[in-house]
1. Looking only at residues that are at pLDDT below 85 and open to solvent by 50 Å² or more (accessible area, probe 1.4 Å) in segment 434-452, which one is farthest from the chain's Cα centre (by Cα)?
2. Mind telling me which of the residues Cys405, Cys364 ends up being more than 30 Å from Arg315 (Cβ to Cβ) and not small (Gly, Ala, Ser)?
3. What single numbered condition from (1) among the hydrophobic types (A, V, I, L, M, F, W, C); (2) open to solvent by less than 40 Å² (accessible area, probe 1.4 Å); (3) under 14 Å from Pro706 (Cα atoms); (4) without any contact (Cβ under 8 Å) to a residue 60 or more places away in the chain fails to hold for Leu157?
4. Restricted to segment 374-392, and to residues that are part of a loop (DSSP other than H, G, I, E, B) and modelled with pLDDT of 90 or more, which residue is surrounded by the fewest Cβ atoms within 10 Å (Cβ to Cβ)?
5. For Gly431, only one of the following conditions fails: (1) open to solvent by 50 Å² or more (accessible area, probe 1.4 Å); (2) under 25 Å from Cys392 (Cβ atoms). What is its number?
6. Given the criterion surrounded by 16 or more Cβ atoms within 10 Å (Cβ to Cβ) and either at pLDDT 95 or above or aromatic (Phe, Trp, Tyr) (or both), identify the matching residue among Phe359, Phe339, Phe331.
7. If you check Cys622, Cys599, Cys576, Cys590, which single one turns out to be out of contact with any helix residue (DSSP H, G or I) (no Cβ under 9 Å at 6 or more places or on another chain), modelled with pLDDT of 90 or more, more than 30 Å from Pro559 (Cα to Cα) and surrounded by 14 or more Cβ atoms within 10 Å (Cβ to Cβ)?
Amino acid sequence: MKGMTHLWTLMPALLLMLSLVTERLSSHPGNGNEVLKEMETEFNRSRNLEIENVIRNISDVMQSYAATTSPTIAMSPPSSTVAQCPGNQVTQEGSAGCGCPSGTVQSRENCTCPVGFALQGAAECKDVNECEGEGPGPCGLHASCTNTPGSYSCSCLRGYMMGSGGCQDIDECALAAVTGLQACQKGAECKNTPGSFACSCPVGYVRALNGKDCIDVDECSFEKQCRRELGNICVNTPGSFLCQCQPGFRAETPTCVDVDECTESPGLCNGQGVCENTLGSYKCMCRPGYQGNGTHCEDENECLSGSHRCDTNARCGNIIGSYFCQCYQGFNGDGQACFDVDECLLNNGNCEHNCTNEFGAYSCQCAAGFQLDKDGHNCTDIDECKLQNGGCSHTCTNSPGGFTCHCPRPLLLDSDNLTCRNATSCKLRNGGCDHLCSLRAEGEIQCSCRAGWKLGDDRKSCIDVNECVDFTNGGCEQLCVNLPGGFNCTCREGYEVRTDDLTRCRPVCDPPCQNYGVCVGPNSCVCPPGYPGVGCSAMCSPPCAHGGTCMRWNMCLCPSGWTGAGCHTAVCELPCANGGRCVGPNTCQCPSDYTGPQCLVPLCTPACQNGGRCVDVNKCTCEAGWQGARCQIEPIQCQRSCRNGGMCVGLNRCRCAKGFTGSLCETAVATRCVPPCQHGATCSPHNTCTCPEGTTGLRCERLTCPVVTMMVSTARAVRKAFKESYVDRCGPLGVQLCTKYRINQARVYLQAYRVGYKIQCPGKKNT
């Protein structure tokens with residue numbers, strides 16, 4: 001009787017479940033798609049599974065009264081005046097018997113809540129909502145969960161079907177191919193998507209205005225690859241187009257390509273003709289330097305036709321197929337650009353006197369009194385005295401480039417340098433006097449000379465007086481040099497004129513005498529004691545070394561760091577130890593077993609290795625476990641253990657097993673797994689795959705939890721042709737105006753979808 005009471009309690013939940021299933025089936029949006037209609041049968045089967053699940057839960061309640069996981073109702077201890085009931089049973093109202101409160105079931109001696117209910121308060125059972133909580137819930141992804149009293153029901157979302165592993169995506173495209181039903185309209189391609197499918201048009205087709213059918217794109221309305229302006233024809237085909245090419249073009253999918261007749265038939269133009277390819281044809285042209293119609297070419301005389309590029313100062317010469325240019329004499333260049341040569345810059349143009357450069361030439365000119373010879377370069381003196389005595393009134397004397405007139409005494413040459421007349425004053429040519437002119441009281445001219453000169457026998461000219469010929473030698477101590485109107489005193493070699501008395505000489509010493517020495521003769525010094533060197537310089541033996549200065553006889557002033565005779569002894573402030581020798585300022589030359597500034601550091605030969613320290617001659621102190629005379633023996637010691645089967649073979653050195661690398665063999669050698677790992681798995685050693693959460697299998701090819709999809713709306717652009725008109729010139733010579741048409745293209749943006757997915761496993765609930 002108690003079991004029947006519990007059945008009647010769950011009956012409303014069963015009726016509610018049946019109504020929900022019926023409502024979802026009746027409210028399914030219908031369309032004209034045959035695949036979706038066929039799927040309704042599968043949906044009904046999944047709903048029957050939900051109903052069976054509810055009925056199974058009810059039967060489980062009837063058959064199991066003692067669920068070990070069901071909560072036990074805690075009852076208050078019975079009063080001392082009432083009979084004690086077993087377990088947590090309570091005394092029934094109106095009777096002396098014991099039993100369980102309404103809504104609970106008896107399991108042996110205790111009262112518990114049925115499956116799907118939880119204890120609330122002291123003795124009340126409340127339905128558990130299994131559909132609550134985060135994550136996909138008990139139904140998994142792609143399914144909706146509906147709570148019922150004591151249980152729940154699962155229903156797959158549209159586009160999914162209940163399977164052994166939960167709701168799985170229905171491949172509508174494959175279903176249509178198997179059943180022969182129509183998923184997409186005629187001409188459209190079907191592509192399955194998670195929970196649905198999409199229809200798209202293949203290449204060469206676009207969606208019709210009704211949004212369902214696919215219609216062919218007429219590529220000929222906007223494609224220009226066929227080059228229709230050259231007479232080629234574009235033929236539209238379903239999903240594509242073809243080009244019908246005119247002669248001179250070759251069809252190469254999907255366009256017409258011009259045929260290069262010159263390359264394919266090199267002998268089209270014979271002789272001096274050159275083949276030039278054109279759109280759809282070719283033409284023959286004569287080579288440069290030839291003229292004709294291309295098939296018959298003859299040499300062109302560029303010099304006669306004027307098509308040459310020679311400079312105006314160059315000569316043009318025709319040759320077969322070309323021409324040459326040569327600059328005229330007096331010009332220099334390549335013939336196409338000629339420049340004037342300045343001949344006067346080289347040896348004065350071979351002119352004896354003056355050279356004048358001219359454009360393309362030059363000319364020679366002679367100085368006054370000369371005339372140019374017949375060779376055009378040399379000059380000859382003109383004898384002016386042969387022509388009317390040069391214009392002189394008395395005597396004419398020719399000279400190079402000129403002439404001179406002379407007068408007999410007492411006549412003087414007049415200011416015109418040609419005629420002679422009597423001198424009556426000093427104004428005319430200084431009265432004929434060389435130096436000074438004066439008039440006597442009787443009006444005669446009297447000439448006199450300046451100091452150092454004497455009047456000649458003609459009583460007009462002045463003759464130099466030689467002061468050095470008398471017995472006084474002009475008063476000079478050594479040499480006297482006569483000069484016009486005077487004299488100078490000089491000295492013999494090794495002497496120089498004194499500055500205080502210009503008539504006397506003093507000896508010259510080179511180098512000059514130092515240290516109070518006296519120059520007594522040419523390069524001869526009388527030196528004080530202690531300075532016997534040249535020029536009374538100090539002399540040291542041995543010579544002062546290392547920059548030392550000889551101060552006096554065998555006495556050197558040594559620089560810092562040196563001392564001793566001749567500054568040859570080095571000074572070391574700190575003494576050299578262990579047999580070292582001071583060889584320079586504070587520099588020790590150490591024996592072979594020591595080194596350092598004072599030879600205090602011992603040497604080990606060969607040197608200590610691996611951080612070892614030389615503490616005495618050829619004695620090393622090793623560190624970090626190294627051994628041997630030179631610390632060359634490596635210890636087998638690894639501070640951190642080698643991993644993955646590696647073996648320690650030295651100081652912190654591991655020998656790794658096959659398939660591992662790294663200082664501690666911690667890194668697996670990356671190799672490609674064959675066949676490759678799937679779903680983002682990583683390849684591990686020994687050709688094994690490490691699967692991420694939600695996948696399993698040798699290659700992680702199986703999914704153990706649902707796939708979460710994400711749909712992102714994007715847009716794609718296609719080109720749509722449209723026709724437009726414009727006005728342009730046409731007709732012969734373009735004198736008429738007409739309307740022309742052309743096909744342009746515009747971008748039309750259509751809605752598209754990109755679908756991504758990721759594996760997402762439901763979180764584990766704490767029990």
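The values are calculated or read from the model by the stated rules, or taken from the named source; none is laboratory data. Note that this is a predicted model, so its numbers are computed, not measured. Cβ placement follows ideal geometry from the backbone for every residue including glycine, while neighbour counts extend to all protein chains displayed. Note: areas computed on protein heavy atoms with side chains; ligands, DNA, RNA excluded. Shrake-Rupley method; radii C 1.70, N 1.55, O 1.52, S 1.80 Å.
1. Of the residues in segment 434-452, the ones at pLDDT below 85 are 439-445.
Going one step further and asking which of them are open to solvent by 50 Å² or more (accessible area, probe 1.4 Å), we end up with 439-442, 444.
Working: Leu439: 102, Arg440: 105, Ala441: 108, Glu442: 110, Glu444: 105 Å.
Out of the qualifying residues, it is Glu442.
2. On the way: Cys364 fails: more than 30 Å from Arg315 (Cβ to Cβ).
On inspection, the qualifying residue turns out to be Cys405.
3. (2)
4. Within segment 374-392, the subset part of a loop (DSSP other than H, G, I, E, B) is 374-378, 382-383, 387, 392.
With the extra rule that they be modelled with pLDDT of 90 or more, the set shrinks to 374-378, 382-383, 392.
On the way: Lys374: 7, Asp375: 9, Gly376: 12, His377: 15, Asn378: 15, Ile382: 18, Asp383: 13, Cys392: 21.
Step by step, filter segment 374-392, then rank; the result is Lys374.
5. All conditions pass for Gly431, except number (1).
6. On the way: Phe359 fails: surrounded by 16 or more Cβ atoms within 10 Å (Cβ to Cβ); Phe339 fails: surrounded by 16 or more Cβ atoms within 10 Å (Cβ to Cβ).
After ruling out the rest, the residue left standing is Phe331.
7. Working: Cys599 fails: more than 30 Å from Pro559 (Cα to Cα); Cys576 fails: more than 30 Å from Pro559 (Cα to Cα); Cys590 fails: more than 30 Å from Pro559 (Cα to Cα).
Result: Cys622 is the single residue among Cys622, Cys599, Cys576, Cys590 that is out of contact with any helix residue (DSSP H, G or I) (no Cβ under 9 Å at 6 or more places or on another chain), modelled with pLDDT of 90 or more, more than 30 Å from Pro559 (Cα to Cα) and surrounded by 14 or more Cβ atoms within 10 Å (Cβ to Cβ).
Residues are listed down the side, and each one gets a yes or a no for (1) out of contact with any Leu (no Cβ under 9 Å at 6 or more places or on another chain); (2) of a type in the set (Phe, Trp, Tyr); (3) surrounded by 14 or more Cβ atoms within 10 Å (Cβ to Cβ); (4) within 30 Å of Gly486 (Cα to Cα):
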{"site": "Asp501", "(1), (2), (3), (4)": "yes, no, no, yes"}
{"site": "Gly533", "(1), (2), (3), (4)": "yes, no, yes, no"}
{"site": "Leu603", "(1), (2), (3), (4)": "yes, no, yes, no"}
{"site": "Asn618", "(1), (2), (3), (4)": "no, no, yes, no"}
